[in-house]
Amino acid sequence: MIRIENLSKIFKTSNEVHALRSVSTHVEAGDIFGVIGMSGAGKSTLLRCIAQLEKPTSGAIYIEGKNITELSGKENIELRKRVGVIFQGYHLLMQRTVRDNIAFPLELSGIKKEERYKRVEELLALVGLENKADAYPSQLSGGQMQRVAIARALANNPSILLCDEPTSALDSLTTKAILKLLKDINEKLGVTVFIITHEIGVVKSICRHVAVINEGELVEQGATDEVLSNPKHHATELLLGISNIAEGGDAE
Amino acid sequence: MMEFFMEYKDMLFEGSYETLLMTFASTIFAYIIGLPLGVTMVITDAHGISPQKTLNTVLGTIINIGRSIPFVILIVAVIPLTRFIVGKAIGPVAAIVPLTIAAAPFVARMVETALQEVDPGVVEAAKTMGATNAQIALKVLLPEAVPSLIRGFSITTITLIGYSAMAGAFGAGGLGDIAIRYGHHRYQADIMWVTVVLIVVIVQAIQMCFELAAKKIDKRNK
Ligand SMILES: Nc1ncnc2c1ncn2[C@@H]1O[C@H](COP(=O)(O)OP(=O)(O)OP(=O)(O)O)[C@@H](O)[C@H]1O
Ligand SMILES: [Mg+2]
């Protein structure tokens, strides 16, 4: 579904930042794939490259078999509709109601108003926000805003949902509810979920596969149980809390 | 008091009307020029959705030059253009030309600032949905900036009331003209003060209306 080959990204500011160093991985269709790493490890950069918000310095990304850097403008827009994205900061349109936020991608596709709103009703039911259709984002809680963002990302029936720390701004109960929603979406709609996080709990609770990224390098990956029960890299141990930074030993 | 009012009311009404005409007409024309200019500045900015360094620098320079020319000089400098467009260089309609030219670059900057306040994350989200640049400008940047744009519109209008009074010194008519003719040339301070009060009232009314509208329309703090 998503294949990444030797992906590197260098940011050229005053100095060069190697945000990604030859990252390769593969996400299968229907999977919930987690990418975990410390702050600054390059997680968001990886997602942003897949979402085409950042141009890779080298390497290739294939989505559904197509190299995304080689698409024409029109193919590109089509592809973007097959890939939904949600962010930690929700990024909703503040001057639009919940209904019109969710309808927004459909509006971009030129779908008629009546059809648009019919689809919005389905999406509102899916994320459990039927009673908030006419509210504005500023009237919602963080968890509700993320639900709106999820509904919006699903409006065009994408095959992939990319999530950049979707629960990092939420309390633990709300986090649980959002993760359950993502799992439901994966199971009921068959959407492949690619989720970035720095919390091991997120990986434990929903990811079937996980990749660990450390200082721009993908240091280990595999089935979640295996990676978590038998961590091979120090970074994984740190994230698991088995090891701590100060002592490099046991965290007990 | 009553006599004073009866004697000068027609003149003061006419002056107020001319001031409002000059102000609103030039505000609208200034937006016709300045709004697309401001949007283009934001879009072609290095961090914009379609960076174009040369175009951005050229437009930015034109805007800066426009903004730095003192208005009194501008009025005189554009007289040939005013004659060409309006057919004469005197009167409130003629004053619309220099007022528009003075305000357009100001409007461009105001629009630019308003659009820059829009959360870049929302623009990115729209990109991930396959929005074209035109759709981002028309469906994200402008609508999200509306409250801020309304406040900018109010500031522009008020600034132009001040400018229109200055244009009054050059025969543009309006309340500024009256203040100068009676207050300065004929030492009738009472009339001058009445025009000042009228201008203050107009400015306050405009400010209040637009502020209310901006508050009502803004959905961010509800
Ligand atoms: N636009 C940019 N320009 C320059 N450097 C950048 C840019 N974006 C990211 N970086 C750098 O690249 C590195 C990786 O950043 P990235 O945002 O991918 O990390 P992250 O793993 O998502 O961290 P966090 O958990 O804090 O979100 C960091 O060193 C960051 O400073
Ligand atoms: Mg990040």
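The values are calculated or read from the model by the stated rules, or taken from the named source; none is laboratory data. Remember, it's a predicted structure, so these values are computed and weren't measured experimentally. Reconstructed Cβ throughout: ideal geometry from the backbone, glycine too, with neighbour counts over all protein chains shown. Remember, those area values only see protein heavy atoms, side chains included, never the ligands or the DNA or RNA. Shrake-Rupley method; radii C 1.70, N 1.55, O 1.52, S 1.80 Å.
Points to keep in mind about this one:
- Residue list for the range A:116-143, restricted to those being in a helix (DSSP H, G or I), within 14 Å of chain B (Cβ to nearest Cβ) and loosely packed, with under 15 Cβ neighbours inside 10 Å: A:S138
- Every test in (1) more than 14 Å from ligand 2 (Cβ to nearest atom); (2) part of a loop (DSSP other than H, G, I, E, B); (3) under 17 Å from the mean Cα position of the chain (by Cα) is passed by A:Q88 save one, and that test is (1).
- Scanning the range A:31-85 for residues that are open to solvent by 50 Å² or more (accessible area, probe 1.4 Å) and in contact with a strand residue (DSSP E or B) (Cβ under 6 Å, 6 or more places away or on another chain), we see that the one that is farthest from ligand 2 (Cβ to nearest atom) is A:Y62.
- In the range B:26-52, the residues that are touching a residue at least 12 places away in the same chain (Cβ under 8 Å) form Cβ pairs under 6 Å with partners that are in a helix (DSSP H, G or I) and of a type in the set (S, T, Y), at six or more places apart or across chains, as follows: B:S26/B:T100; B:T27/B:T156; B:T27/B:T157; B:F29/B:T100; B:A30/B:T100.
- Filtered by the rule that a residue be part of a loop (DSSP other than H, G, I, E, B) and more than 8 Å from chain B (Cβ to nearest Cβ), the range A:98-115 gives A:G110, A:I111, A:K112.
- Given (1) crowded, with 22+ Cβ neighbours inside 10 Å; (2) within 16 Å of ligand 2 (Cβ to nearest atom), index of the condition A:R147 fails: (2)
- Selection count, the range B:122-175, where residues are open to solvent by 40 Å² or more (accessible area, probe 1.4 Å), part of a loop (DSSP other than H, G, I, E, B) and within 14 Å of chain A (Cβ to nearest Cβ): 1
- Tabulated pairs, the range A:45-66, first in a helix (DSSP H, G or I), second among the basic types (K, R) and within 16 Å of ligand 2 (Cβ to nearest atom), C-beta under 7 angstrom, 6+ apart or interchain: A:T45/A:K9; A:C49/A:K9
- Residue pairs meeting the criteria (Cβ under 6 Å; at least 6 apart or on separate chains; first farther than 21 Å from A:R3 by Cα and open to solvent by 20 Å² or more (accessible area, probe 1.4 Å), in the range A:156-180; second away from ligand 2 (no atom under 15 Å from the Cβ) and of a type in the set (G, A, S)): A:A169/A:G142; A:L170/A:G142; A:L170/A:G143; A:T174/A:G143
- Scanning the range A:158-174 for residues that are more than 16 Å from ligand 1 (Cβ to nearest atom) and either of a type in the set (V, I, T) or at pLDDT below 95 (or both) returns A:I160, A:D171, A:S172, A:L173, A:T174.
- Of the numbered criteria (1) more than 10 Å from chain B (Cβ to nearest Cβ); (2) away from ligand 2 (no atom under 16 Å from the Cβ); (3) crowded, with 20+ Cβ neighbours inside 10 Å; (4) not β-branched (V, I, T), the one A:N6 fails is (3).
- Helices (runs of 4 or more DSSP H) wholly inside the range B:28-93 that include at least 1 residues being among the aromatic types (F, W, Y) and open to solvent by 70 Å² or more (accessible area, probe 1.4 Å): B:79-86
- B:Q116 meets all of the listed conditions (1) more than 21 Å from A:P137 (Cα to Cα); (2) away from chain A (no Cβ under 14 Å); (3) touching a residue at least 60 places away in the same chain (Cβ under 8 Å) but one, namely (1).
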